[in-house]
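Trainee: If you scroll down you'll find the structure; I have some questions about it.
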Amino acid sequence: MAVPAAAGVTALAWPTQASGTTPAAGGGGGGGASYQAARGDTLRSIASRFLGSEQRWTELYRLNRKILDRSGEPRPGQRLELPESPDGATTRNFAPLPATAKPLPVPPEGYRLDRIGDAFYAVTAGGTQAAFLVTHAGVVVIDAPPALAEALPAAIRRVTSREVTHLVYSHDHADHTANASAFGDVIRIATS
């Protein structure tokens, strides 16, 4: 079964090896998955991506040497077997999460406050987000999730002393609107 391509990975597939068989030394039958090489791939880059260290390129070479050309590097489209991990676990059969996609650390306040533009901010705590825009007339809040009941007003106070004047509901689910009363009598804008 092929897994969708992502981040330079052309394709991954579950092994086709029958259960109970032992991989043959020197080619065919890795421990967990196979990889279809893309243009620019080297054994070192594949080892770094899937085995956790480019130093493990020799394992890829030993396992696939019968199908590699004289250069010892894979050709685009060539399917390479991936070896088992040193601890016996199967090699991961997914592309690793890029460092920029990993969650950012949460500061001591218990929420993240990120400036998105000149006057636009995002507040995140756990898996919940809301946003606000500071204008000359006041603050426009987008969503009022109960999970941010303390964090959202605190984040607004960190940025400005202006009052909240508008509350925009992105949609009518309680996890986006249930804390609206915390902002008092403001102009409310709802999408339909």
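The values are calculated or read from the model by the stated rules, or taken from the named source; none is laboratory data. What you see is a predicted model, and the numbers here were worked out from it, not measured in a lab. In this analysis, Cβ positions are derived from the backbone assuming ideal geometry, glycine residues included, and neighbour counts consider all displayed protein chains. What goes into the accessible areas is simple: the full protein's heavy atoms, side chains included, and nothing from ligands, DNA or RNA. Shrake-Rupley method; radii C 1.70, N 1.55, O 1.52, S 1.80 Å.
Trainee: Could you list all residues from the range 74-84 that are buried (at least 17 other Cβ atoms within 10 Å of the Cβ), part of a loop (DSSP other than H, G, I, E, B) and modelled with pLDDT under 90?
Mentor: Once the filter is applied, which keeps residues that are buried (at least 17 other Cβ atoms within 10 Å of the Cβ), part of a loop (DSSP other than H, G, I, E, B) and modelled with pLDDT under 90, the range 74-84 yields only P83.
Trainee: Let me ask another. Within the range 153-186, how many residues are part of a helix (DSSP H, G or I), closer than 12 Å to V140 by Cα and either open to solvent by 60 Å² or more (accessible area, probe 1.4 Å) or aromatic (F, W, Y) (or both)?
Mentor: So the answer is 1.
Trainee: Look at E150 and say whether it is out of contact with any Lys or Arg (no Cβ under 6 Å at 6 or more places or on another chain) and over 15 Å from A122 (Cα atoms).
Mentor: Details: out of contact with any Lys or Arg (no Cβ under 6 Å at 6 or more places or on another chain): yes; over 15 Å from A122 (Cα atoms): no.
No; evaluated as a whole, the condition is false for this residue.
Trainee: Please specify each residue of the range 116-141 satisfying the condition of being modelled with pLDDT of 95 or more, open to solvent by 50 Å² or more (accessible area, probe 1.4 Å) and assigned to a strand (DSSP E or B).
Mentor: Residues satisfying the conditions are F120, L133.
Trainee: Go through the range 85-115 and give me each residue that's part of a loop (DSSP other than H, G, I, E, B), of a type outside the set (F, W, Y) and modelled with pLDDT of 80 or more. Outline the logic, then answer.
Mentor: Kept after step one, since they are part of a loop (DSSP other than H, G, I, E, B), are these residues of the range 85-115: 85-98, 102-111.
Subset that is of a type outside the set (F, W, Y): 85-93, 95-98, 102-110.
Correct list: P105, V106, P107, P108, E109, G110.
Trainee: Are any residues in the range 30-60 surrounded by fewer than 20 Cβ atoms within 10 Å (Cβ to Cβ) and either touching a helix residue (DSSP H, G or I) at 6+ places or on another chain (Cβ under 6 Å) or part of a loop (DSSP other than H, G, I, E, B) (or both), and if so, which ones?
Mentor: If the condition is that a residue be surrounded by fewer than 20 Cβ atoms within 10 Å (Cβ to Cβ) and either touching a helix residue (DSSP H, G or I) at 6+ places or on another chain (Cβ under 6 Å) or part of a loop (DSSP other than H, G, I, E, B) (or both), then G31, G32, A38, R39, G40, T42, R44, S48, G52, S53, E54, W57 are the ones that fit.
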